[in-house]
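All remarks here apply to the structure that follows.
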Amino acid sequence: MTLPGPSHPPRGAATYVLGAVVVCAAAVGIWAAGTYNTLVQARVAVDTQWSQVEVQYQRRVDLVPSLVAALRGYLIQERTVLEAVARAREAYLAAPAGSAARVHAAGALEQGLGRLVGVVEASPALRSNETVAELMDELAGTENRIAVERRRYNDRVLAYNTRVLTLPSSLIARAGGFQPREYFEAAPGASTAPSVTLPPR
């Protein structure tokens, strides 16, 4: 009498299971690669948009020497305002591109220019000067461009951070070293109009 040997699953079933495992692994791999690429694209979009912000910052910085030169003769008693703007410009140019120091310097320059704009707006003689008026118009246009580019930057950061922080893409983000980015925030006091008192001429 022959005893039955151990039972084995049919060869076709084992092949099916192995094939299913391979297909699942391939699908996970494709998803992981796609998610990683999407995160990279989102991070590049943030960096690219920040470079657009810095382009507009540079426009502002380039305007400062002409504006200071045009106002220097009028603002003898407002020398501290002009000096603060000049120092902030130098700090901006000295800071590495994309660094926190450059962002801080840009904020200081924004505040200094805000005070300078207040001085100009309070002076009929300055407002009527054609050169000063043209420079102020160009500065106003630049500030508008900066506001637009900073808003777009924050939009890109929102899209990127959402991918980095939400499941399941956060699993790939953590493994790939993707970190959330900070939003651009206006310098303290930027929303407050400067207080200006002009001395009698």
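Looking at (1) out of contact with any Pro (no Cβ under 9 Å at 6 or more places or on another chain); (2) surrounded by 15 or more Cβ atoms within 10 Å (Cβ to Cβ); (3) closer than 24 Å to Arg145 by Cα; (4) in contact (Cβ under 8 Å) with a residue 60 or more places away in the chain, which is the only condition Val55 fails?
With (1) out of contact with any Pro (no Cβ under 9 Å at 6 or more places or on another chain); (2) surrounded by 15 or more Cβ atoms within 10 Å (Cβ to Cβ); (3) closer than 24 Å to Arg145 by Cα; (4) in contact (Cβ under 8 Å) with a residue 60 or more places away in the chain applied to Val55, the lone miss is (2).
For segment 112-165, name all the residues that are of a type in the set (S, T, N, Q) and crowded, with 19+ Cβ neighbours inside 10 Å.
Ser123, Thr142, Asn161
Every residue in segment 70-106 that is polar (S, T, N, Q) and either part of a helix (DSSP H, G or I) or on the phi > 0 side of the Ramachandran plot (or both), please.
Gln77, Thr80
Please go through segment 113-161 and pick out each residue that is hydroxyl-bearing (Ser, Thr, Tyr) and in contact (Cβ under 8 Å) with a residue 12 or more places away in the chain.
Ser123, Thr131, Thr142, Tyr153, Tyr160, listed by residue number.
Read-outs: derived from the displayed coordinates by stated rules, not from any lab. Because the structure is predicted, anything quoted here is derived from the model rather than measured. Don't worry about glycine lacking a Cβ; one is built from the backbone with ideal geometry, like all the others, and counts go over all protein chains shown.
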